[in-house]
Amino acid sequence: MNQYTPPKVWTWNKANGGEFASINRPIAGPTHEKELPVGKHPLQLYSLGTPNGVKVTIMLEELLALGHKGAEYDAWLIKIGDGDQFGSGFVEVNPNSKIPALMDHSGKKPIRVFESGSILLYLAEKFGEFLPTEQPTRAETLSWLFWQMGSAPYLGGGFGHFYAYAPEKFEYAIDRFSMEVKRQLDVLDRRLAETEYLGGAGYSIADMAVWPWYGGLALGRQYNDSASFLSVHEYEHVQRWAKAIDARPTVQRGRMVNRMSGDPAFQLRERHDASDFETRTQDKLEAAE
């Protein structure tokens, strides 16, 4: 095996990066002028149906199911493979050029919110749902929310990248991040052996944040055949929790929004009204006939 020796000064090699090379660069800011569309609802979501994007659409569908009409939203598709996140309008909403990004037009002055955990917390406080007000449950819920924000990069950018997407397979990198992901699954499994949900007895934004990443992994939806590779069936409490959340109709709807991968029957590229799901369901029934 060739030994890599880092240079004294690193320079950007556009040929490196594997499948996602086109969306990675060492500088910030827009690459082109492009305004973002604005729909009819106060909440405007600019996103993609990745685990980070799904967190927010699940939250919004949960709020709507509870009767919060102010949670109606337009979900616009941001094709990160095409570089939509580097358009000037998107960068104004999220200077970090990552999905999801949210604009709240319900007040006198529009409010931008970026980073998925921040959006979940913002919506929970805005509508008074899915975030306990009493301690210590509130602190526990927030701890698991931020656990996800710190842990998932090891699952996605670490394990996922080197196992599924890197242009070359390296034993050291795959072993290192496989070990860490299994440790994280064990952390979750031990917690879920104690409580029904991560924050305690109630379903919360902590579950909405963690489930798209680790629930998806447990259910065999992440990174090709990684479920068997990581023996995810061993984590029985994670399995119980993942399946319970997966059965929620609100979660099923949230997973469809802005989705561009998987079964086309479960893709709703953009969402502008609750009836969009009904139309999509009718399309699926007609296609099956």
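If each residue of separation counts as 0.36 nm, what is the full-extension length gain between H105 and A173 once their alpha-carbon separation is subtracted? Could the numbers behind the result be given before it?
Details: separation 68, 0.36 × 68 = 24.48 nm, distance 4.40 nm.
Computed gain between H105 and A173 is 20.1 nm.
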message: Using +1 at the C-beta of Lys and Arg and -1 at the C-beta of Asp and Glu, which of I245, L36, S143 has the Cα lying farthest in the positive direction of the dipole of the chain?
response: L36
statement: Expected vector for region 150-158, Karplus 3J(HN,Hα) from phi with 6.51, -1.76, 1.60 and θ = phi - 60°, integer Hz, x for Gly and Pro, equals x, 8, 4, x, 6, 6, x, x, x
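For region 156-289, what is the relative contact order in percent, using Cα pairs closer than 8 Å and at least 6 residues apart in sequence?
Working: 105 pairs, mean separation 20.4, N = 134.
So the answer I get is 15 percent.
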task: Search the structure for amide H atoms under 5 Å from the amide H of E115, placed 1.01 Å from N in the peptide plane, and list their residues when 5 or more places away or on another chain.
output: none
message: Please give me, ordered by residue number, the GluC sites (Glu not before Pro) of region 1-92 that lie in loop per DSSP and have at most 10 other Cβ atoms within 10 Å.
response: E33, E35
task: Count the net charge of all other residues whose Cβ sits under 13 Å from the Cβ of K34, scoring Lys and Arg as +1 and Asp and Glu as -1.
output: -4
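For region 25-134, what is the charge dipole size about the Cα centre, in debye to the nearest 20, if Lys and Arg each add +1 at the Cβ and Asp and Glu each add -1 at the Cβ?
On the way: 11 positive and 14 negative charges, 47 e Å.
Result for region 25-134 is approximately 220 debye, rounded to the nearest 20.
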message: If you average the C-alpha positions of region 93-120 and of region 189-204 separately, how far apart do those two centres end up, in angstrom?
response: 28 Å
- line: Under 5 Å from the placed amide H of L43, counting only residues 5+ away or on other chains, we find D74, H105
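Of K8/K34; K40/K182; K8/K55; K79/K126; K69/K243; K109/K243, which ones are farther than 32 Å apart at the Cα? Write out the running numbers ahead of the final one.
Numbers: K8/K34 38 Å; K40/K182 44 Å; K8/K55 41 Å; K79/K126 28 Å; K69/K243 28 Å; K109/K243 40 Å.
Flagged as over cut-off: K8/K34; K40/K182; K8/K55; K109/K243.
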task: Run the dipole for the chain about the Cα centre, Lys and Arg Cβ at +1, Asp and Glu Cβ at -1, nothing else charged, and hand back the magnitude in debye, nearest 20.
output: 640 debye
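Contact order normalised by length for the chain, with contacts defined as Cα pairs under 8 Å and 6 or more residues apart; what percent is it?
Reported relative contact order: 21 percent.
Could you give the dipole magnitude of region 137-253 about its Cα centre, charging the beta-carbon of Lys and Arg +1 and that of Asp and Glu -1, in debye to the nearest 20? Numbers along the way, then the final one.
Numbers: 12 positive and 14 negative charges, 65 e Å.
The dipole magnitude comes to about 320 debye.
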- prompt: If you plug each phi of region 205-215 into the Karplus form 6.51 cos²θ - 1.76 cosθ + 1.60 with θ = phi - 60°, what whole-Hz ³J(HN,Hα) values come out, in order, with x for Gly and Pro?
  reply: 5, 5, 5, 5, 6, 7, 4, x, 7, 8, x
- line: Scoring region 52-103 by relative contact order with C-alpha pairs under 8 Å, at least six apart, yields a percentage of 31 percent
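Take the Cβ-Cβ distance between R248 and D186 as r, set R0 to 41 Å, and report the resulting FRET efficiency rounded to the nearest 0.05. Mind showing how you got there, number by number?
Details: r = 25 Å, r/R0 = 0.61.
Efficiency for this residue pair is about 0.95.
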field: Residue-averaged [θ]222 nm for the chain, counting only DSSP H segments that reach four residues, each worth -39500 (n - 2.57)
entry: -12000 deg cm²/dmol
message: Quick check for you: which residues of region 34-78 have the amide N under 17 Å from the point 7 Å beyond the Cα of S275 toward its beta carbon?
response: 40-41, 72-75
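No lab work stands behind these numbers, since they all come straight from the coordinates. None of these values were measured; they are calculated from a predicted model. Every residue, glycine as well, gets a Cβ built from its backbone with ideal geometry; the counts of neighbours run over all protein chains shown.
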